[in-house]
Amino acid sequence: MRIKSKLLAIYIPILFVGMALTGYWAYLTAYESVREREYQLLTQTLTLNVLEIIIERRELLIDAGLENVPVFLTAYQKEVFEELNGLQKATSRHFIISSTIDNSVIFSTLDSAVEPSIEHAQFAEVSSHRVAFGESSINDDDVVFACSEFSPWNWKVTVIQPADSLQSSLSTIAWLTFLVTVVAGATVSLIMGRVAQVLVVSPIEKIKSAASRIAVDHKKVDIALSQNDELGGLARDVEVMSGEIEQYVAQAQQANRAKTDFLAVMSHEIRTPLNGIQGLASLLLETPLNEKQHQYARDLKSSASILATVINDVLDLSKIESGMSEVDVTEFDLDIMLQDLITLLGTNASANNTRLVYKSKNLASVLVTSDITKLRQIVINLVSNAIKFTHKGTVTVSAKLKTLPTEQVTENLLVISVKDTGIGIEPDRLEHIFDKFTQSDSSITRKYGGTGLGLAIAKQLATLLNGDIKVLSKVGEGSCFTITAKVQSRVTPNISHDHNENDTDKRAELPSGLNVLLAEDNAINAVVAQALLEQLQCNVEHVDNGLKAVARVEEGGIDVVFMDVHMPVMDGIEATKRIRRLEDKGEQTPIIGLTAEAFKERHVAFKQAGMSDIVTKPVTVEALRDSLVKLLAQSD
Ligand code: ADP
């Protein structure tokens, strides 16, 4: 409920109750005064008109000395009755005269000879007459009355009037009071609503919208609220706070940039020697070694590859956390992607005596739009874990779309589950399994290796894909990880399923005897890259800076250049730009960048400089071959 509605919901009932009470009090006061006025008129009629008529007649009798003559007395009293009859017609009031001796009615302008009861009457002295007045009823009709005694003739004279007129004025007063209360209540409510709007609601709305702006932009806001009360103070505090937030955010962003730069540099610095270690270990393994030496070389290679995985994980995570990981959606055949992954990971599974099974539902002939790289990374992570923690068991990967895809592109929910019959996870560890650097227990590291980062990365990647990862697990029975991701899907009858054959074809297409120029300043990495390229039957020439590379390309006869990015004298980017300028619009020599920088954003910059492809260090013979095959296929 909005604050204005709340205020009005509280204040309007209070206001109306207050108004109603005041109205009732006003009504009672008016009621009393109307009654007073009515009685006043009635008693005045009695004393000034009726009693005066009687007194006048009696005085005439006395003056004539006839008071004691019954005939004259009766005649004069009759005259009084006639006058009262006339007065009744003129005033619509009724008059009753009764005897104070036997209470019998002597004269009445009413049809029936009844008198009102004066039991609850009030008494007053009016024009030196004692008068009783009040309300009563005659023949079930409510009346107001006033009466007084005229002792010389032993008469009780009563004036009555129907209570209708009094009641009608009272009900008019009641209606008027009610109307005034309602109109006043409504007017005051409107005024209060307006005042609440101006003084409270609109300042709060301004502060609220400023707070929302701060939450989105993290910038200083100007609320423009000049009032000098608590809300004005709050607005100024929010302005100051927003200024501080802007500063902190700028500092945090700078620190984040510094962290990212630091990571990029560290990654480069670590990858460069790691490239050498991995490469040299591979080369060493190709040489004649005794069994012990062979074992050492294998351990050396696997240690270097574990270190490379750890560096990649840390980089991935920091990239996601710094918001640099952008979602790059493409349309792809999910079924084929998953089949390929199963084939790829099948070797690991067999080595672990684990059966790897893939099941898919409603995915045949379906294209899915999502970030294939991130999705692949999540699935590889979960399936690798499942294989790692399942010995002599089964890992089942199942994939389906929640709603049946049609030929129209529609929003859909992709559900992939990775179920294993492995060691399972303790219930108390389960809720922390997606935390960074978390493993089920410390013995896991010793027994199975790993950093405890894989699931944290997978979870964050799933969040980037507007999805999630959930886990169910029972110790000794196995675990089931379920990935969900929002995707778009459509059915298409013409999906080509021959990509694998294509890949193999391309592999077969790499010609031998390619003249390769290797520009690399690090002597060890140069030895490794040269050896790997020679394994691919390339003729390798080596230079140790960009300037020499440009000069050599200018001489001609080079089919492909492998260009390190960071080199003394002239770096790889500048050298690439110069080569591209030399070639002008003629045929371009493929230039493959060799870099230890893992961030894709940097790779984009390298490509903008003119590089045809990028291979990330530590380089492998497969990565070199794939890049060569791809570029040569493009130039055909
Ligand atoms: P790590 O690199 O150590 O594998 P992860 O984040 O991928 O890091 O996994 C964290 C921990 O979760 C693992 O060390 C393991 O204890 C547990 N875990 C993950 N997957 C499974 C699974 N399929 N079965 C049993 N335990 C698992």
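The values are calculated or read from the model by the stated rules, or taken from the named source; none is laboratory data. Since the model is a prediction, treat every value here as computed from it, not as a measurement. Please note: Cβ atoms are built from the backbone with ideal geometry, for glycine as well, and neighbour counts cover all protein chains shown.
Structure summary
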| item | result |
| --- | --- |
| Hits in the range 412-430 - residues which are surrounded by fewer than 20 Cβ atoms within 10 Å (Cβ to Cβ) and more than 12 Å from the ligand (Cβ to nearest atom) | Leu413, Val415, Pro427, Asp428 |
| Among (1) closer than 30 Å to Thr22 by Cβ; (2) surrounded by fewer than 13 Cβ atoms within 10 Å (Cβ to Cβ); (3) within 24 Å of the chain's Cα centre (by Cα); (4) not polar (S, T, N, Q), the one test that Val198 misses | (3) |
| Helices (runs of 4 or more DSSP H) contained in the range 524-636 and holding at least 3 residues buried (at least 18 other Cβ atoms within 10 Å of the Cβ) and more than 54 Å from the chain's Cα centre (by Cα) | 546-555 |
| Unique residue being more than 16 Å from the ligand (Cβ to nearest atom), surrounded by fewer than 17 Cβ atoms within 10 Å (Cβ to Cβ) and at pLDDT 80 or above when the list is Ser489, Ser512 | Ser512 |
| Residues that are within 16 Å of the ligand (Cβ to nearest atom) and either modelled with pLDDT under 90 or not β-branched (Val, Ile, Thr) (or both), drawn from the range 385-401 | Asn385, Ala386, Lys388, Phe389, His391, Lys392, Gly393, Ser398 |
| Residues of the range 389-411 satisfying the condition of being in a loop (DSSP other than H, G, I, E, B) and surrounded by 17 or more Cβ atoms within 10 Å (Cβ to Cβ) | Phe389, Thr390, Gly393, Pro405 |
| Qualifying residue in the range 263-283 (condition: exposed (fewer than 11 other Cβ atoms within 10 Å of the Cβ) and farther than 19 Å from Thr595 by Cα) | no |
| Qualifying positions in the range 166-207 - more than 17 Å from Ile14 (Cβ to Cβ) and of a type in the set (Gly, Ala, Ser) | Ser168, Ser169, Ser171, Ala174, Ser202 |
| Hey, Leu404 closer than 24 Å to Glu331 by Cβ and either modelled with pLDDT under 90 or near the ligand (Cβ under 7 Å from one of its atoms) (or both) or not | yes |
| Members of the range 120-143 that are part of a loop (DSSP other than H, G, I, E, B) and touching a residue at least 40 places away in the same chain (Cβ under 8 Å) | Ser127 |
| Test: residue in the range 418-441 that is of a type in the set (A, V, I, L, M, F, W, C), part of a helix (DSSP H, G or I) and modelled with pLDDT of 90 or more | no |
